[in-house]
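The values are calculated or read from the model by the stated rules, or taken from the named source; none is laboratory data. Because the structure is predicted, anything quoted here is derived from the model rather than measured. Methodologically, a virtual Cβ is constructed for each residue, glycine included, from the backbone with ideal geometry; neighbour enumeration extends over all protein chains shown. The accessibility values were calculated without ligands, DNA or RNA, using every heavy atom of the protein model including side chains. Shrake-Rupley method; radii C 1.70, N 1.55, O 1.52, S 1.80 Å.
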Amino acid sequence: MNKPLTRPNTYRSGPDAAGKFGGFGGRYVAETLMPLILEVEQAYNAAKADPTFDAEWRRLLTHYVGRPSPLWYAERVTEHLRAEAAPGMGAKVYFKRDELNHTGAHKINAVLGQILLAKRMGKKRIIAETGAGQHGVATATACALFNLPCTVFMGATDVARQQPNVFRMKLLGAEVVAVESGAATLKDAMNEALRHWVANVEDTYYCIGTVAGPHPYPVMVRDFQSVIGSETRAQMMEAEGRLPDVLVAAIGGGSNAMGLFHPFLDDADVRMLGVEAGGHGVDTVTGHAASLTGGRPGVLHGNRTYLLQDEHGQILEGHSISAGLDYPGVGPEHAWLHELGRVEYVNATDDEALAAFQLCSRLEGIIPALEPAHALAHVIKVAPTLPESTLIVMNMCGRGDKDIFTVARLLGEEF
């Protein structure tokens with residue numbers, strides 16, 4: 001049982017020297033991997049203190065990625081939800097449009113930072129894991145840009161349902177390894193990537209896509225992704241003259257949500273909602289991927305966090321219509337914020353996400369990825385219950401090109 005957590009003076013100071021957010025995080029890795037993990041931490045700390053590293057990363061974000069991403073007032077979605085609300089109710093909805101980044105998702109923000117770090121460390125090749133393929137595409141893209149060999153581990157199930165992204169990775173020159181073990185999804189891809197890294201530590205850098213894994217990866221990916229929230233603060237001040245009231249983001253491992261939330265964590269009046277994948281419903285065994293709603297603490301992939309487990313502590317397979325949200329765990333900082341109560345974690349089912357996917361396409365001319373469609377599904381629930389003066393920002397963390405075949409099949413369309 002966890003010890004009661006003490007509320008910190010600032011939510012933004014973690015993790016501690018051991019990589020812990022309260023009782024979560026840390027380093028639970030093989031002895032052969034520990035020296036490299038420590039090398040990554042040392043290199044990252046040195047890079048953070050070097051202004052030339054930050055300048056080069058921000059140059060790439062501006063001129064290669066296309067940042068800052070726009071903040072879009074979703075007027076038609078707002079009007080639609082207000083039409084269903086009581087008089088005076090219906091929040092104003094904005095989208096932070098990270099799907100407009102080069103490669104179509106927020107993943108490129110942290111990938112470019114990590115690839116610059118790998119070059120500083122003298123690493124000759126890059127490996128990555130991917131679920132929906134967005135992190136894999138971003139990693140393959142950066143490796144093409146910097147002429148680095150790239151291997152991406154991807155569950156065979158995800159290879160089958162995310163064929164457009166598999167083809168993109170191959171076009172970019174990456175080797176895509178289809179992992180057949182387990183449910184052949186993101187968890188199994190990460191297992192295989194870690195095994196491969198242990199055997200190739202001398203020349204290989206592991207580019208992790210989310211705020212999970214052994215320390216320093218959760219904090220490093222969070223720091224790079226915090227550009228999302230930092231831009232949002234400035235853009236909302238320009239658009240509305242004040243901070244947003246509510247932030248909403250989808251949660252698998254939790255990188256896009258942490259990137260949006262972290263710069264606002266000490267703003268007590270800003271409410272934050274992380275939306276997990278409710279799949280077929282959180283009351284169904286192995287029918288969802290809501291680790292915080294339906295899981296409990298344990299250790300997986302080098303860190304202690306909330307996990308979907310059976311009564312014997314065996315990891316359960318997660319399910320989601322979205323290949324990017326079916327990870328059976330969550331980043332350790334989210335687990336900490338969950339237990340502290342700073343962030344509210346809710347869930348949206350497959351059917352709700354599918355409905356939001358179609359609504360956004362019709363009303364805003366924006367086809368979202370199925371990941372942010374979960375976040376939008378919760379916006380649809382909560383916005384009509386809030387006063388019109390309420391400002392909501394939802395992170396549109398990925399575009400839906402990769403998902404149109406999955407959605408078409410579910411809707412009975414044939415190509």
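Per-residue answers, yes or no, for (1) β-branched (Val, Ile, Thr); (2) more than 13 Å from the chain's Cα centre (by Cα); (3) farther than 22 Å from Ala18 by Cβ:
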{"residue": "Leu194", "(1), (2), (3)": "no, yes, no"}
{"residue": "Val201", "(1), (2), (3)": "yes, yes, no"}
{"residue": "Thr204", "(1), (2), (3)": "yes, yes, yes"}
{"residue": "Thr210", "(1), (2), (3)": "yes, no, no"}
{"residue": "His215", "(1), (2), (3)": "no, yes, no"}
{"residue": "Val227", "(1), (2), (3)": "yes, yes, yes"}
Evaluate region 200-207: report whether one residue or more is in a loop (DSSP other than H, G, I, E, B), over 28 Å from Glu31 (Cβ atoms) and open to solvent by 20 Å² or more (accessible area, probe 1.4 Å). no
Considering region 169-189, residues that are buried (at least 22 other Cβ atoms within 10 Å of the Cβ) and more than 11 Å from Ile127 (Cβ to Cβ), and then whichever is nearest to the chain's Cα centre (by Cα), we arrive at Leu186
Return yes when Pro216 is of a type outside the set (Gly, Ala, Ser), at negative phi and buried (at least 21 other Cβ atoms within 10 Å of the Cβ) and no when it is not. yes
Options Ala335, Ala323: the member that is among the hydrophobic types (A, V, I, L, M, F, W, C), buried (at least 22 other Cβ atoms within 10 Å of the Cβ) and assigned to a loop (DSSP other than H, G, I, E, B): Ala323
Might you let me know whether region 249-268 holds any residue that is in contact with a Phe, Trp or Tyr (Cβ under 7 Å, 6 or more places away or on another chain), open to solvent by less than 50 Å² (accessible area, probe 1.4 Å) and without any contact (Cβ under 8 Å) to a residue 60 or more places away in the chain? no
Looking only at region 284-302, count how many residues are under 12 Å from Asn347 (Cα atoms), out of contact with any helix residue (DSSP H, G or I) (no Cβ under 8 Å at 6 or more places or on another chain) and part of a loop (DSSP other than H, G, I, E, B). 2
Name the one entry in Ala138, Ala85 that is in a helix (DSSP H, G or I) and modelled with pLDDT of 95 or more. Ala138
Test Gly281 against the stated conditions and say whether it is assigned to a strand (DSSP E or B) and surrounded by fewer than 24 Cβ atoms within 10 Å (Cβ to Cβ). no
Suppose we filter Leu36, Leu61 for residues that are under 19 Å from Lys119 (Cβ atoms) and within 22 Å of the chain's Cα centre (by Cα); which single one remains? Leu61
Flag if Val152 is out of contact with any Gly (no Cβ under 6 Å at 6 or more places or on another chain), of a type in the set (Val, Ile, Thr) and closer than 18 Å to Lys187 by Cβ: no
Which of the residues spanning region 150-169 are touching a residue at least 12 places away in the same chain (Cβ under 8 Å) and in a helix (DSSP H, G or I)? Ala156, Thr157, Asp158, Val159, Arg161, Gln163, Pro164, Asn165, Val166, Arg168, Met169
Picked from region 382-415 (must be more than 24 Å from the chain's Cα centre (by Cα) and among the charged types (D, E, K, R)), the residue most open to solvent (accessible area, probe 1.4 Å) is Glu414
Filter region 84-117 down to the residues that are of a type in the set (Gly, Ala, Ser), in contact with a helix residue (DSSP H, G or I) (Cβ under 9 Å, 6 or more places away or on another chain) and either surrounded by fewer than 24 Cβ atoms within 10 Å (Cβ to Cβ) or under 21 Å from Leu370 (Cβ atoms) (or both) and list them by number. Ala85, Ala86, Gly90, Gly104, Ala105, Ala110
